[in-house]
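Take a look at the structure below.
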Amino acid sequence: MRLSALAVPLLATALGAPMHDARADDPQPSPAAVPQPADQAPAEQAPASGAASDQQPKTPNEQVIEPELDRRNVKVTHIPSNDFEVGLFAGTYAVQNFGSSLVEGVRLGYHITEDVFVEATYGQTKVSDSTFREILPGGIFPNPTETLRYYNLNAGYNVLPGEFFITKHTAKVAALYLIGGVGSTQFDKQRHLTIDAGFGTRVWLFDWAALQVDLRDHVFSLDLLGERKNTQNLELTGGLTFFF
C-alpha cells in the first residue's frame, strides 16, 4: 500500500500534471470580508500628508478681514409732533395783463396725518393799470391802483419727505409737497371763483419753526377788456411757519 501511494505522485510527475496542495484550494476569507460588529466604528483614515493635518477647520462666523470705517455723528432734527401751524409770507404776485406786484399774507394750517394737511390762506396785493392809461384815456380802473385780495382753502400732500444737510454733521427735516384748492378773489369790486394749485417745500429750522417756499397758480375769470376769459396768475412766496 505504501508503494502504491508513492507511485501515484511519481506517475503524475512523469506525465507532466501539476500537483496542488489540497489545503491551497480552500478559499481563505479576506480581512475586509470578515464582518465587523455593529457597535465598532471604522478606523479613521490617516491624513494624506503632514501639511493637511496641520490645517484647522474654520468656523462660519470667523471674519478674515475687518474693515475700518470712519462713521460720522449726524444730528437730525425730529419731525415735530405739533399739528397746528400759523405762518407769514411775502413775495410776488403776477396778474395776467397787469404785471407783478408785492404780495403778503397769512396762513393757518392743520396736519391731519404726517403727510396730509389742510390750509387756509389770505393774501393781498396791488394791481396797477398804468400801462393801459398810456393808451386808453382814464385807464381801466376807477383809480390808478386797485387792491386784489384772495381767500383760499387748500389741501396738501407731502410727496418727498426727507432731510436737508446744512453742514456735514447737521441735517434738517424737509418735505416737498403738492397743494391745491378753491377760494375767492376780490378784484375791481367783483368776486371771482378761484382755483389754485402748485407745490412748495418746507425745511424745519427748529421743532417749532420752518422755512416755507411756495409756487402757486391762481386761475379765475376776468372781464375787464370786453371779453371774459380765464387768467393765469402766478404767485411765488416765502415765509416762516410756526407750529403749536
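Numbers at a glance
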item	result
Unmet requirement for THR131, which otherwise passes all of (1) modelled with pLDDT under 90; (2) more than 23 Å from LYS229 (Cβ to Cβ)	(2)
Failed condition for ALA94, given (1) at pLDDT below 90; (2) in contact with an Asp or Glu (Cβ under 8 Å, 6 or more places away or on another chain)	(1)
Members of the stretch 90-102 found to be surrounded by fewer than 21 Cβ atoms within 10 Å (Cβ to Cβ) and either in a strand (DSSP E or B) or in contact with a helix residue (DSSP H, G or I) (Cβ under 6 Å, 6 or more places away or on another chain) (or both), listed by number	ALA90, GLY91, THR92, ALA94, GLY99, SER100, SER101, LEU102
Hits in the stretch 176-218 - residues which are touching a strand residue (DSSP E or B) at 6+ places or on another chain (Cβ under 7 Å) and more than 30 Å from GLY162 (Cβ to Cβ)	SER184, THR185, GLN186, PHE187, ASP188, ARG191, HIS192, LEU193, THR194
Condition broken by LEU176, with the remaining ones in (1) in contact (Cβ under 8 Å) with a residue 12 or more places away in the chain; (2) over 17 Å from GLY238 (Cα atoms) satisfied	(2)
Criterion (closer than 18 Å to TYR122 by Cβ and surrounded by 13 or more Cβ atoms within 10 Å (Cβ to Cβ)) met by exactly one of LEU236, LEU222	LEU236
Residues that are surrounded by 12 or more Cβ atoms within 10 Å (Cβ to Cβ) and of a type in the set (A, V, I, L, M), drawn from the stretch 113-149	VAL116, VAL118, ALA120, VAL127, ILE140, LEU148
TYR151 within 22 Å of ARG216 (Cα to Cα), of a type in the set (Phe, Trp, Tyr), in contact with a Leu (Cβ under 7 Å, 6 or more places away or on another chain) and without any contact (Cβ under 8 Å) to a residue 60 or more places away in the chain	no
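The values are calculated or read from the model by the stated rules, or taken from the named source; none is laboratory data. Small disclaimer: the values here were computed from a predicted structure and weren't measured. In this analysis, Cβ positions are derived from the backbone assuming ideal geometry, glycine residues included, and neighbour counts consider all displayed protein chains.
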